[in-house]
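Participant: Once you've had a glance at the structure underneath, I'll fire off some questions.
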Amino acid sequence: MKVGLFIPCYIDQFYPQVGIATYQLLEKLGVKADFPRQQTCCGQPMANTGCEQDAKPVYRHFVDTFSKYDYVVAPSGSCVYHVRKHYDVVEQTGAVQHVRQSTYDLFDFITTVLGVTELPGRFPHQVGLHLSCHGQRGLHQANESEMTPVREGQLSRLLRSIDGLTLTELNRNDECCGFGGTFCITEEAVSARMGQDRVQDHLLNGTQVLTGGDMSCLMHLEGIVRRRQLPMRVMHAAEIFNAALDGVARTSVRVGLNDANGTTEERPIKVTI
Amino acid sequence: MSHPQRAAAFISDAERTTWHDETLWFVRQKRDKAVYGIPEFQQLRQLASDIKAHTLSRLDEYLEQFERNAQANGVTVHWAADAAEHNRIVLELIRKAGATSLVKSKSMLTEECHLNPYLVKNGIAVVDTDLGERIVQLREEAPSHLVLPAIHLKKEDVGETFHLHLGTPKGEKDPQQLTEAARQHLREKFLIGEVAITGVNFAVAETGAVVVCTNEGNADLGVNLARVHIACMGMEKLIPRTADLGVFTRLLARSATGQPVTTYTSHFARPAEGREMHIVIVDNGRTRQLGRPDFRNSLKCIRCGACMNTCPVYRRSGGHSYDFTVPGPIGAILSPNIDLHKHSSLPFASTLCGSCTDVCPVKIDIHAQLYKWRQLIGEQGELPATKKLGMKLLSSVLARPGIYRLGGKVAREGLRFLPHGLTHAQALNPWAKARELPAAPKQSFRDWYAAQVK
C-alpha cells in the first residue's frame, strides 16, 4: 500500500509538529507514508473566495503530485473535502478520479481503511473535541445534530479508547467555529464572535486540551485562546494519539482487513525514537 | 453597506448578540426535539424534495391546471410578471371594491414586492395583523426573519413601541399585557377591514384551493370579516394534489418552530356568498431562477426559516444585516438572482458549514449553492479588487512549489522577527483584532522531513 502524505500548506509552514505527529502516528500503525516534496495546497482558499478558475492550475498540480499513490492522507478534513467534492471542475481524467476517491482525512483513513477504531495509550486529561464541519457534515465522519441526538463519530470513538482521557460534554456539540477560510478576514466580526462562543463552551464545560481533526479550525480557536490567555491547550488529535502511543506497553493493535469476512489481524505498533 | 459592515454593527452590542443567538438556538433545539421524534423524518424530507422537483419540472402545466380549477370555483386569477405589476393589480382590486383600508396576514411575497409603502402612497391604510409583523410595521422596519419577524426585538423594545403607538403604560414589558393590547387594537382593525390580503403557503393544482398556515388565526379572521379576499402567491407555491399537502404540513411547523403542526391550517377554495376571492400569481424573477440549473432547487423553499435558526452567522448578525426580504442562508442564494451587484456580499456571509442544508425540510443544497454563487460573482467581476488580485497571486504561488517554499519561509521569518505590534496591527490585519497569529516555527514540516527521512 503506497500512501502519500498531504500536509496542507498552513500546517507545513505554521504547525510542522502536526505534520510530524501525523507521519509518526501512521508509522506506529504500520504505514510508512511518503511525502512528495513538490506538493503545495489543495486550492480551497481561492475556490471558496469565488476564484475557482484561478485554482485550477493548483488542482492539476495536486493531482500530478499524488496520482501515483494508492491513498492520499491529510490531517485536515476540510482540504480532503475540497479535493473530493470540488475537483469536479477540471477534466475527469483517470488520475483526477483516482485522487478524488483515494484522498482521506487521517482519522477516516485510520478508521475506514486501516480498520482501527480503538487505540492503546494514555492521555490523562479532559479533552474537548471540536468537530470540523467539512469532516462531519461534508465527509460524514461524525453524526450530525441536525439528524440525530446520538453524538458519535470516528474521532470521538478513537479518543474515548485512550486510557485516562475524558471527553468534554459540550452544550453545542457541532456548531461551526467560524474560521471559514477567507471568511475569517472578510467577516472578521462574525468569525471572531463565533470562535469566542465555541471556546467559551469548552471553557464552561472543563476542557483542558482542545482538539480536533482539522488544524484550520484549531488555528482560529488557538488564536482566540492565546489572545485571551485562557487555561487551555490546543492540540491536533494526531498529536494526542502520537503522544499517547509513545508510552505504550502494548506492542500491537488490532486492525480490520476490510475484506468480506470482516477479518482482523494484530499488527505491531512500531515505537519511534 | 455590505453584510460584514452591518454584521459588525450588530455584533458591537455583545449582550444583544448573545441574546439573539441563544433565542434562535432555543428554536433550533425545539426543532431538533420535534424531528428526533419522527423516525421517518429523513424520508419525509426526501419525499417533499421530490414532489417539489417534480412540480417545478412541470410548473407551466400545474399553473394552468391551478388557474382552471380556481376559476371553476369562482375565484378570479391574476398574473403578475413582477413586483410592480403585482402592486398595481392589488391596488386596482382595492379601488374597485371602493375600500380605503385593508388587513393583511403574513405574506413574505408582499414584503418582497414592497406592497405596503406602495399602497400607503396611494392612500390605502394597511394593517399587518400578524403580531410580529404589526410590531415591525409600527416601527417602520422590515421583518428580520421569515417566521419570527420581530425576533431582533426584546420585550422592552416592544413595550416602548406599543407605548408610542397603542398607548400602553410607559415601561410596560409584560408579554401578556402587550399581547392583549395588540389584540384589542387589531380587533378594531379586523372589524372595519373591507379587504383582506393573505399570503399562500401552498396552492393545490388539482383543486384550485390555497392553504395558509398561521399560529394566530389572523388570516381566517381577516378573510371572514372582509368582503374581498386577495391571496398573493409566488408561482413556486404549487403542489400537485391535496394528498401531497400532509407531507409539507408535517415538515413545515416542525422545521420552523418545533410544533407538530401550525395552530391553523386554513383552506380557501371559493368565495362565500356575495363576496369576492382573488389570487395573484407572481413571477418576479422566479422564472429566471428556474432557468438556472444550479440554483433551481432554491424554488423548493417553503419559507420555514429553519436555515436561519441554525445558521451560526445569522444568529450573530441579525436578519437586517442581509438587507433583503428573505434573510439568512436561503436569502443569500435567492438575492443574487434579483440583483447580483447589490447582494454580492451575501453568498460570502457563510462559513459553508452546511448546517442549513441539513435542516432544510425540502433538502435544498443551500451551502453548495452559496459556493456556486461565489464562483459566478467572481466570474462577473463583482469581487473586491484586493480579493481578486490576492487570489490570483496566491494561485500563482501555490502552483509553483519553489516559489511556495520561498514564500512560506519569508512569511515565517517575518512573523518570527518583526515586532508583534506590526504583525498584529489591527488596521493592517483583521485577523489580529481578536486573535493571535500562530507562533511561527523555525522549521517547516518539509524541512523536518528532508532532515529526518532519507
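Participant: Identify all residues within segment A:154-194 that are in contact (Cβ under 8 Å) with a residue 60 or more places away in the chain and of a type in the set (S, T, N, Q); write none if there are none.
Facilitator: Selection gives A:THR182 alone.
Participant: Considering segment A:141-155 alone, what residues qualify as being within 12 Å of chain B (Cβ to nearest Cβ) and in contact with a helix residue (DSSP H, G or I) (Cβ under 6 Å, 6 or more places away or on another chain)?
Facilitator: Those that are within 12 Å of chain B (Cβ to nearest Cβ) and in contact with a helix residue (DSSP H, G or I) (Cβ under 6 Å, 6 or more places away or on another chain): A:GLU144, A:GLU146, A:PRO149.
Participant: In the same structural domain as A:LEU106 (by TED's automatic domain parsing) and either assigned to a helix (DSSP H, G or I) or out of contact with any helix residue (DSSP H, G or I) (no Cβ under 7 Å at 6 or more places or on another chain) (or both): is that true of A:ILE7 in this structure?
Facilitator: When the stated conditions are applied, A:ILE7 does not pass them.
Participant: Would you check if there is a residue in segment B:375-392 being exposed (fewer than 12 other Cβ atoms within 10 Å of the Cβ), more than 28 Å from A:ALA189 (Cα to Cα) and not assigned by TED's automatic domain parsing to the domain that holds B:SER335?
Facilitator: No, every residue in segment B:375-392 fails to be exposed (fewer than 12 other Cβ atoms within 10 Å of the Cβ), more than 28 Å from A:ALA189 (Cα to Cα) and not assigned by TED's automatic domain parsing to the domain that holds B:SER335.
Participant: With respect to A:LEU158, is the statement that it is crowded, with 20+ Cβ neighbours inside 10 Å and either over 17 Å from A:ASP108 (Cα atoms) or away from chain B (no Cβ under 13 Å) (or both) true?
Facilitator: Spelling it out, A:LEU158 is indeed crowded, with 20+ Cβ neighbours inside 10 Å and either over 17 Å from A:ASP108 (Cα atoms) or away from chain B (no Cβ under 13 Å) (or both).
Participant: Further question on the same structure: Please go through segment B:425-436 and give me each residue that is part of a loop (DSSP other than H, G, I, E, B) and surrounded by fewer than 18 Cβ atoms within 10 Å (Cβ to Cβ), ordered by number.
Facilitator: Within segment B:425-436, B:ALA425, B:GLN426, B:ALA427, B:LEU428, B:ASN429 meet the criteria.
Participant: Another question about this same structure. Yes or no: segment B:110-129 includes at least one residue that is within 26 Å of B:ARG288 (Cβ to Cβ) and among the hydroxyl-bearing types (Ser, Thr, Tyr).
Facilitator: Within segment B:110-129 (the criterion being within 26 Å of B:ARG288 (Cβ to Cβ) and among the hydroxyl-bearing types (Ser, Thr, Tyr)), the answer is yes, since at least one residue qualifies.
Participant: Another question, then. Can you work out which of the residues in segment A:178-201 that are of a type in the set (Val, Ile, Thr) and in a helix (DSSP H, G or I) is nearest to the chain's Cα centre (by Cα)?
Facilitator: Once the filter is applied, the top-ranked residue is A:VAL199.
Participant: Hey, can you tell me all the residues within segment A:134-143 that are surrounded by fewer than 23 Cβ atoms within 10 Å (Cβ to Cβ) and within 17 Å of A:THR168 (Cα to Cα)?
Facilitator: Scanning segment A:134-143 gives a single hit, A:ASN143.
Participant: I'd like to check which strands (runs of 3 or more DSSP E) are fully inside segment B:192-248 and have at least 3 residues that are in contact with a Leu (Cβ under 7 Å, 6 or more places away or on another chain).
Facilitator: In segment B:192-248, B:195-198, B:202-204, B:228-234 are the strands (runs of 3 or more DSSP E) which contain 3 or more residues that are in contact with a Leu (Cβ under 7 Å, 6 or more places away or on another chain).
Participant: Could you grab me the full set of residues in segment A:10-38 that are within 7 Å of chain B (Cβ to nearest Cβ), not charged (D, E, K, R) and not in a loop (DSSP other than H, G, I, E, B)?
Facilitator: If the condition is that a residue be within 7 Å of chain B (Cβ to nearest Cβ), not charged (D, E, K, R) and not in a loop (DSSP other than H, G, I, E, B), then A:ILE11, A:GLN13, A:PHE14, A:PRO16, A:GLY19, A:ILE20 are the ones that fit.
Participant: Could you list, in sequence order, all residues of segment A:125-153 that are touching a residue at least 12 places away in the same chain (Cβ under 8 Å) and either assigned to a loop (DSSP other than H, G, I, E, B) or farther than 30 Å from B:GLY258 by Cβ (or both)?
Facilitator: Answer for segment A:125-153, where residues must be touching a residue at least 12 places away in the same chain (Cβ under 8 Å) and either assigned to a loop (DSSP other than H, G, I, E, B) or farther than 30 Å from B:GLY258 by Cβ (or both): A:HIS125, A:GLN126, A:VAL127, A:LEU131, A:SER132, A:LEU139, A:GLN141, A:GLU144, A:SER145, A:ARG151.
Participant: Please go through segment B:20-45 and give me each residue that is under 17 Å from B:ASP365 (Cβ atoms) and either surrounded by 14 or more Cβ atoms within 10 Å (Cβ to Cβ) or not assigned by TED's automatic domain parsing to the domain that holds B:ARG241 (or both), ordered by number.
Facilitator: Selection gives B:ARG45 alone.
Participant: Consider A:CYS41 against the criteria (1) within 9 Å of chain B (Cβ to nearest Cβ); (2) assigned to a helix (DSSP H, G or I); (3) without any contact (Cβ under 8 Å) to a residue 40 or more places away in the chain; (4) out of contact with any His (no Cβ under 8 Å at 6 or more places or on another chain): it satisfies all of them except one. Which criterion is unmet?
Facilitator: (2)
Participant: Exactly one of these conditions fails for A:LEU210: (1) surrounded by 16 or more Cβ atoms within 10 Å (Cβ to Cβ); (2) in a helix (DSSP H, G or I). Give me its number.
Facilitator: Failing condition for A:LEU210: (2).
Participant: Against the definition (polar (S, T, N, Q), surrounded by fewer than 22 Cβ atoms within 10 Å (Cβ to Cβ), assigned by TED's automatic domain parsing to the domain that holds A:VAL18 and touching a His at 6+ places or on another chain (Cβ under 9 Å)), how does A:SER102 come out, yes or no?
Facilitator: When the stated conditions are applied, A:SER102 does not pass them.
Participant: Within segment A:161-180, count every residue that is more than 14 Å from every other protein chain (Cβ to nearest Cβ) and at positive phi.
Facilitator: Residues in segment A:161-180 being more than 14 Å from every other protein chain (Cβ to nearest Cβ) and at positive phi: 1 in total.
Participant: So how many residues does segment B:264-278 have that are over 23 Å from the mean Cα position of the chain (by Cα) and crowded, with 18+ Cβ neighbours inside 10 Å?
Facilitator: Looking only at that region, the number is 5.
Participant: Pick out the one residue from B:ALA440, B:ALA450 that is under 30 Å from A:ILE20 (Cα atoms), at the interface with another protein chain (Cβ under 7 Å from one of its Cβ atoms) and not aromatic (Phe, Trp, Tyr).
Facilitator: When all the criteria are applied, what remains is B:ALA440.
Participant: A further question on this structure: Mind counting the residues in segment B:393-418 that are among the small types (Gly, Ala, Ser), surrounded by fewer than 17 Cβ atoms within 10 Å (Cβ to Cβ) and closer than 19 Å to A:ILE185 by Cβ?
Facilitator: Of the residues in that region, 2 qualify.
Participant: Tell me the helices (runs of 4 or more DSSP H) entirely within segment B:284-395 that contain at least 2 residues that are at pLDDT 95 or above and within 8 Å of another protein chain (Cβ to nearest Cβ).
Facilitator: B:312-317, B:355-359, B:366-379
The values are calculated or read from the model by the stated rules, or taken from the named source; none is laboratory data. Worth saying up front: this structure is predicted, and the values here are computed from it rather than measured. Every residue, glycine among them, receives a Cβ derived from its backbone with ideal geometry; neighbour counts consider all protein chains shown.
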